[in-house]
Structure formats: C-alpha cells, structure tokens
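Everything below concerns the one structure shown next.
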Amino acid sequence: MALVKLQTQHFRNLSSTPVSFSPSFNLLYGENGSGKTSVLEAIGYLGLGRSFRVSRHQAVVSHGEQQFTVFGGLDRGLDASAEPDASGVAHRLGIARDVSQKETTLRVDGEGVRSLSSLAMHLPVSVIDPGVFDIVAGGPGKRRQFLDWAVFHVEPSFASTWQQCQRVTSQRNQTLRNGRLDEALLRVWDSQYAALSDRISAARKTTFDRFKVAFQALVQEVDVGWTQGLKLEFYPGWDSSQSLLDILASHREQERRMGHTLYGPNRADIRLKFQGRPVSETFSRGQQKTLVILMKIAQGMVLSELGKQVTFLLDDINAELDVGHRAMLARKLQALRCQVFITSIEHPQPEALWPDNQAPEYRMFHVEHGKLTEE
C-alpha cells in the first residue's frame, strides 16, 4: 500500500491543507527551511511512530501549540478486499500526540489501536538521509536498527517478542544491580531471557538470510570492484557455539560488576568486512555510501518478494550522492515498484534520474512556507 493522501495539523510549519501524492514517485523541492523535510518527517510518523530527525515529540509541534496530528490515506495496494473511496483511499492511519499530557492516540481505519506497531505495520517506511550512512560507519546499534526494521515487517510476532525481552532484561538488570545477588531469582530471569533471545535471534537470522540473498543478487548487477572481498555476517550477540544460558552462568561475576546484561540480542550486529577487515576502516566515504544504498535497496527487495510495498523517503540526496548514484537508486526503486519521496533544494530534473527516457509516473511539488503546490 502507498500513501496517497496526507494531512497534518500543528506539525512544524506545515499547512493543514490535504495533499494528494502519487503511489509511485513524488519530487519535492524548495529552499532550506521551506518544509520539505517536515513533509517526510510527517510521513515517517505514520510508518515509524516517531521522527527520524529528533528524539522528542515536542520538537515537531508548531510554536504555541500542545498537540499535533498526522493523518494518512493509503491506497488498496495488493489488498483486493479493500474498497477505496472516490479519492482512492482504502485505509486510513492517524497519530496524534498531546505533548503537555504526554499522551499518544493511534487510529487505523477509524478504530483506536494501542501499539505503534499496529500502526507502522501498514506503511513500511525506509529513510535515506545524510544520517543513514552511519549504518556502516557507526556502532552496532545502527545496524541492529536497520535489521530489526526488516524483521518487524517480515515476522509478525517479532515486535511483541522484543517487547517481552526488553521487560525481562530490565528485571534481570535490576536483580544484577542489587547489593546482594539473589541467585535463585536470577536463574528464573535467565531462563526467560534465554528463551526470548533464541526466538529473537531466530527471527533476525531468517530475515538476514533473505536480505543477504537479495543483496548478493543486487551487487551482481552493479559495477563496483569491491564485491568479491565483501562479507556480511549476522552476529546474534553471543557465541552461538554455546547456549546463552551457559554463557550467562559462566559470566555471572562479570555481569554483576557491570550491573547489566552483557550478552544477548541487545549486542547483536551485522558484521561488514572487506578482505577480513571492517569496512568502516577499509572503505572510502564514497564506497560506504554505495554500500548503504545497496543495503537499503536489498531491504526493499525482501519486502517486495513478500508482496509489501515500501515507501522510501530520500531527503536531500543531492548533497550526498553524485548523479550516477542518484540515477542508479531511482532505477532500482522504480523496478521494485516502491513509493518514493525525493526532496531537493534545486528544481528536480527527472531526465537526470531516468536518462533513458523511462521515467515512471510522478508528481512534482514546490514547497514554500510549509505549503505544497503541485506543478
């Protein structure tokens, strides 16, 4: 399903006027501060339940207001049972946040839902912005986040299992921090933690294997010289030649001194190596950017194979990618039949993205003072 209608209220500087989008490509341009990225941020709230720019909800509320609302209308996609209305909307998503009361309201097709996952599952949103390149250069947390986004959309039970594991981890950490260690209680938490960790790791491994197949197929189509020596490996967060229960027992004193859990899914990683060394040490900045782009496309391929359409948000990619990489990205996303939003300061040049005159159906918008005007 694709986002074909967006309306916001008191969200940054955006106008409250409804906007209709193409289920294919949408090109947005305007000066810095015009609201281009805010449009993507609002879309991100529907697919991620949060901002991809800032950590605090308060930062996105219009000045002087206490609540913002984001409403989205989705087309039917591959859901043959859905009946779209006259405007083509078959499903409706909504999120409202009252920052003074710290309360969030979520709605799907007019019905209230309790969890962000119930909202986000309907609109897989993948962001490509200047910060995304930390997937390679940054720490394991960025790569876990990258992998878990795909796992969430591939394995329906993953979100609830992860939440259970987080609660058990918190209880286990509290027990580890007690002045007098309660070994019997800790063994209870160990047992629950290990069982949940195995389920999380299995779901991650299944999705990673899908991703790796897609990635390897993709790099065969791209003219880069470093693919032969590149290896992607999934690390679950502990030595998988041993059971996690045994590892926890043998490192009890170490964890007690540190006061928190040192082994398990909270330490998982995708290890990226070239000729045996981390790519963060061996790849140039340009090579790292290419690698991240290919990884993002491969994620889209995995979901596409499962009949899910990804909405890609490409924010100011002109500042990060040269013409060739932008064209490669546009062609690959077009082939995946993804929905894509691309922002730029300059007036978009579709012939540069699709130089072979094979441009898809697209809509172009000029953004000024938070208002979108279609051209």
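Descriptive notes on the structure:
- Taking the empirical scaling 2.2 N^0.38 Å for compact globular proteins as reference, the range 93-162 has a Cα radius of gyration ratio of 1.32.
- Computed from point charges on the beta carbon alone (+1 for Lys and Arg, -1 for Asp and Glu), the dipole magnitude for the range 60-122 about its Cα centre is near 220 Debye.
- Mean-position separation - Cα centroids, the range 266-325 and the range 339-360, in angstrom: 20
- Accessible area per residue in Å² at 1.4 Å probe, computed on the chain: 47
- FRET efficiency for Gln358 and Ala82, using Cβ-Cβ distance with R0 set to 30 Å, rounded to 0.05: 0.50
- Peptides 58-66, 318-326, 341-349 ordered by average Cβ neighbours within 10 Å, highest first: 341-349, 318-326, 58-66
- Straight-line reach from Lys308: taking Cα to Cα under 13 Å and skipping same-chain neighbours fewer than 8 places apart, the aspartates and glutamates in range are Asp75, Asp79, Glu155.
- Cβ-based charge dipole, the chain, positive-most Cα from Ser197, Leu232, Phe21: Ser197
- Pairs of Cα atoms farther than 27 Å apart, the range 250-375, %: 41
- Rounded to the nearest 10 degrees, the angle from helix 183-219 to the longest Cα principal axis of the chain is 40 degrees.
- Using θ = phi - 60° in the Karplus curve 6.51 cos²θ - 1.76 cosθ + 1.60, the 3J(HN,Hα) couplings for the range 23-28 round to x, 9, 10, 10, 10, 10 Hz; x is entered for Gly and Pro.
- A convex hull fitted around the alpha carbon atoms of the range 1-146 yields 137 Å³ per residue.
- With distances taken between every two different alpha-carbon atoms, the chain has a Kirkwood hydrodynamic radius of 22.3 Å.
- Direction-averaged projected area, Cα convex hull, the range 161-293: 9.6 nm², rounded to one decimal.
- Placing +1 on the Cβ of every Lys and Arg and -1 on the Cβ of every Asp and Glu, with nothing else charged, gives the chain a dipole about its Cα centre of roughly 1220 debye.
- For the set Lys36/Lys289; Lys102/Lys205; Lys102/Lys289, the pairs lying more than 32 angstrom apart at their alpha carbons are Lys102/Lys205; Lys102/Lys289.
- Portion, in percent, of the accessible area of the chain that falls on carbon or sulfur, probe 1.4 Å: 46
- Between the range 28-84 and the range 89-150, the alpha-carbon center distance in angstrom: 10
The values are calculated or read from the model by the stated rules, or taken from the named source; none is laboratory data. Just so it is clear, the structure is predicted and the values come from calculations on it, not from any experiment. Virtual Cβ from ideal backbone geometry, glycine too; neighbours counted across all protein chains shown. SASA here: full protein model, heavy atoms, side chains in, ligands and nucleic acids out. Shrake-Rupley method; radii C 1.70, N 1.55, O 1.52, S 1.80 Å.
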